[in-house]
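These notes are about the structure you will find just below.
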Amino acid sequence: VKRVVVVGSGIAGTAAALAASTRSARVTLLLGRPGATVLASGALDRVPWETGGQERPIDRDARAILDALDAYALPDGDGDGEDDRGVVLATTAGLVRPARACDRALLDLSSMAGVVLVPRFDHPAWDGTTLARTWGDARWATEHGVTFASAPAQLTRFTDERALPDADIAARHDEPDRLSWLADRLAEALRALPRRPCAILLPAWLGIVRARARELTARVGLPCGEALTGAGGPSGLRFERARDRALGAARIEVLADRALRAARGPDGEWKVELESGDSIVADSVVLATGGFVGGGLEYSPAGSVLAAALPPAARPLARATLDAPVTLVARQHPVETPSSLSGSPPESHAWPYVEDSLLDHLGVSTEPTGHVAGAPDGLFAAGELVADRPRTWLDALEGGVRAGLSAAT
Ligand SMILES: Cc1cc2nc3c(=O)[nH]c(=O)nc-3n(C[C@H](O)[C@H](O)[C@H](O)COP(=O)(O)OP(=O)(O)OC[C@H]3O[C@@H](n4cnc5c(N)ncnc54)[C@H](O)[C@@H]3O)c2cc1C
């Protein structure tokens, strides 16, 4: 039995751990802290959606992990056909945009025909009138003949809910009584309408423990779901709950610890040293420590030492935070040490100052199996830590699956 240590518990690490356990490996996962996956919106893209097509469908191995998480809506199709159509989501920024798949709490507009109801009520983060007008003006809506109409509905119950973030109100809707109360308010709103809409779009309030959209839909008798919110909404919290259930069901050992160092000894075994002072011995290690958001990469040019001090030596732009035999590259070239002590101006490396920026490419160099290029056998990397990959949820999932399967075999 192979012993596999997975470092990081975002979607890449979760997928790697679950995939390795399907090959009977003995897996230990180091939890770390919340990273990009916990901040993400709930839209599952393979490439940034603004760049156009979402390319090929989700393959079988990735689907198996999504099934194990039991929290995501996959479009029709079995993973190898052209019937995998993707989803269409409305964002609280007023956009209507495609995605490959999504959190089950979200309303997928792709098969809607008719009028979508947008409840209107007194809450500073939800302007039903403006949202309905903006979504209705979106190109997708006009092309598909879908319209959005706002109508009054009293969806806040207690005075404090005017000031609560979405995630707190979402947690209240895990309570069956509160979900029934919401269904009753929506039913009241529907009775006052001259025509029955085809669906109801709601704020990101439908559960934390699990997505409550299906239960609400059953109670109301119409498709109900959330709009897509920005960073830090309830979707990431639902991911954490789904992850913990899936890791538990797969009997994966989870340690609330961080790795400091991974090194391979002369006997061929990997030793992972932990922040707690313990260490773990394994046959393979998957680094899924994330990028600049998750903390796997750190922006650390020499000029960042002290604003007023002259840096003692020139340093490359960024480094991997975990001490392991990895090489950082960007656009297939090693990240160079600049000739100047202060390096280059920070704004020359990051969006929105430059398109397709260096920081979006920078990461650990890997082979197609996920093996870290140039490292001894048994070291793999996945997700946002990896160079020259799209920084998206599905790319991290698929990279995690590849690395997990390789690490276990
Ligand atoms: C605000 C926001 C919105 C986004 N929206 C979308 C979207 O709409 N669609 C889309 O497809 N993608 C989106 N993304 C991108 C997507 O969420 C990420 O690409 C993906 O989640 C990366 O997953 P990951 O597992 O590689 O990294 P992360 O989720 O960052 O996980 C890395 C993990 O490693 C842990 N870690 C780091 N160092 C150590 C250590 N030494 N020891 C132990 N653990 C460690 C961290 O604590 C963290 O848990 C968004 C990202 C953000 C931040």
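A simple spin-label model places the labels of residue 133 and residue 350 3.5 nm from each other, with each point 7 Å out along Cα-to-Cβ. Amide H to amide H distances under 5 Å link residue 108 with no residue, where only residues 5 or more positions off or on other chains count and H is placed in the peptide plane. Once the 1.4 Å probe is applied to the protein heavy atoms, the chain comes out at 45 Å² accessible per residue. Scoring 340-353, 148-161 by mean Cβ neighbours within 10 Å over their residues and listing the highest first yields 148-161, 340-353.
Compute the label zone of residue 193 within segment 220-236: residues whose backbone N is under 18 Å from the point 7 Å along Cα-to-Cβ. Only 220-228 fall inside the zone, counting backbone N under 18 Å. Averaging Cα coordinates gives a centre for segment 83-104 and one for segment 307-326; these two points are 39 Å apart. Placing unit charges on the Cβ atoms only, positive for Lys and Arg and negative for Asp and Glu, gives the chain a dipole magnitude near 700 debye about its Cα centre. May I ask you to give the percent of accessible area on segment 258-409 that is carbon plus sulfur, with a probe radius of 1.4 Å? For segment 258-409, the apolar C and S fraction of the accessible surface comes to 54 percent. In this structure the amide hydrogen of residue 73, modeled in the peptide plane, comes within under 5 Å of the amide hydrogens of 102, 103, 104, none closer than 5 places in sequence on its chain. Under 5 Å between amide hydrogens, built in the peptide plane, is the criterion, and for residue 253 it picks out 27, 29 among residues at least 5 positions away or on other chains. Of the residues 302, 284, 266, the one whose Cα sits farthest towards the positive end of the charge dipole of segment 255-312 is 302 (charges of +1 on Lys and Arg Cβ, -1 on Asp and Glu Cβ, taken about the Cα centre).
Sort out for me the Cα centre separation of segment 360-409 from segment 224-282, rounded to whole Å. Spelled out, the Cα-based centre of one part sits 16 Å from the other.
Simple rule: put +1 on each Lys or Arg Cβ and -1 on each Asp or Glu Cβ in segment 6-156, find the dipole, and look at 152, 101, 121; the Cα lying farthest toward the positive end is 121.
With a Förster radius of 41 Å applied to the beta-carbon distance between residue 174 and residue 333, the computed FRET efficiency rounds to 0.25.
Here the accessible area is traced with a 1.4 Å probe on the protein chains. For segment 111-184, carbon and sulfur cover 51 percent of it. Where Lys and Arg each count +1 and Asp and Glu each count -1, what net charge lies around residue 324 among other residues with Cβ under 10 Å from its Cβ? Surrounding charge for residue 324 is +1.
The values are calculated or read from the model by the stated rules, or taken from the named source; none is laboratory data. Here the structure is a predicted model, which is why all the values come from computation and not from measurement. Cβ: placed from backbone, ideal geometry, glycine included. Neighbour counts: every protein chain shown. Surface areas here come from the heavy atoms of the whole protein model, side chains and all, with no ligands, DNA or RNA. Shrake-Rupley method; radii C 1.70, N 1.55, O 1.52, S 1.80 Å.
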